[in-house]
1. At 1.4 Å probe size, with the rest of the protein present, what percent of the exposed accessible area of the stretch 40-80 is carbon and sulfur atoms?
2. Run the quick spin-label model on LEU161 and ASP112: label points 7 Å from Cα toward the beta carbon, then report their separation in nm to one decimal.
3. If amide H atoms are built 1.01 Å from N in the plane of the peptide, which residues on other chains or at least 5 residues away come under 5 Å of the amide H of ASN135?
4. Just the accessible area per residue of the stretch 35-146, please: how many Å² with a 1.4 Å probe?
5. What do you get for Rg/Rh over the stretch 23-158 if you use C-alpha atoms and the Kirkwood form of Rh?
6. Pop out the ³J(HN,Hα) list for the stretch 50-63 in order, Karplus 6.51 cos²θ - 1.76 cosθ + 1.60 with θ = phi - 60°, rounded to Hz; leave Gly and Pro as x.
Amino acid sequence: MAVFFSKSKPWLFSLFIFICFYAVAFLVQVNGDSMVPSLTGNQIALVARQTKIERFDIIVIRDKEKSDKLVIKRVIGLPGEELLYKDDQLFINNQPVSEPFLAEMKAALAKDTLLTENIEKIKIPDHSYYVLGDNRKISLDSRSIGTIHKEAILGEAKFLLWPPKKINENEQEEVE
């Protein structure tokens, strides 16, 4: 293989590296404020294609209305779970679940103001996920578009390349 990628063909080696990288990851530029404070406009994230999706992962999905548009949201509910929001508290299968990534936004709210409006109990279908933007007041997410089928998930945002920082562990095309 070393002979194949000899000094006379450095472009071939570069192409090989690019294709290998693209097979496992891609870059997206965040557009919009639906994920503030976790992500803000113009940040660039590295998205891993083949990952196991877990609660609170930040994922990139294909928009249900416009298939050429990508959207970035946080996974809140997993397949088969029952989800409920009451008085700004998330309940999964009737158990309260903490959302530490929202602490900053909740602290900035006026007293008796909810960040997340109440959501009646729903059962998440098999192979589907319930996603929300961190900026709940403006985010267009599962509350209006429904659950997201696993086939619409393109990958998990793992790192911010610009500005450089790792996306918290629980927490190019333009995405909103």
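The values are calculated or read from the model by the stated rules, or taken from the named source; none is laboratory data. These figures come from a predicted structure and were not determined experimentally. Here the Cβ is made from the backbone with ideal geometry for all residues, glycine too, and neighbour counts use every protein chain on show. These area figures cover heavy atoms from the full protein model, side chains too; ligands, DNA and RNA do not enter into them. Shrake-Rupley method; radii C 1.70, N 1.55, O 1.52, S 1.80 Å.
1. Values: 830 of 1870 Å².
Roughly 44 percent of what the probe reaches on the stretch 40-80 is carbon or sulfur.
2. With each label placed 7 Å out from Cα toward Cβ, I get 4.9 nm.
3. MET35, VAL36
4. It amounts to 51 Å² per residue over the stretch 35-146.
5. Rg/Rh for the stretch 23-158 comes to 0.95.
6. Along the stretch 50-63, the couplings run 9, 9, 7, 7, 10, 4, 6, 5, 9, 10, 10, 10, 7, 4 Hz.
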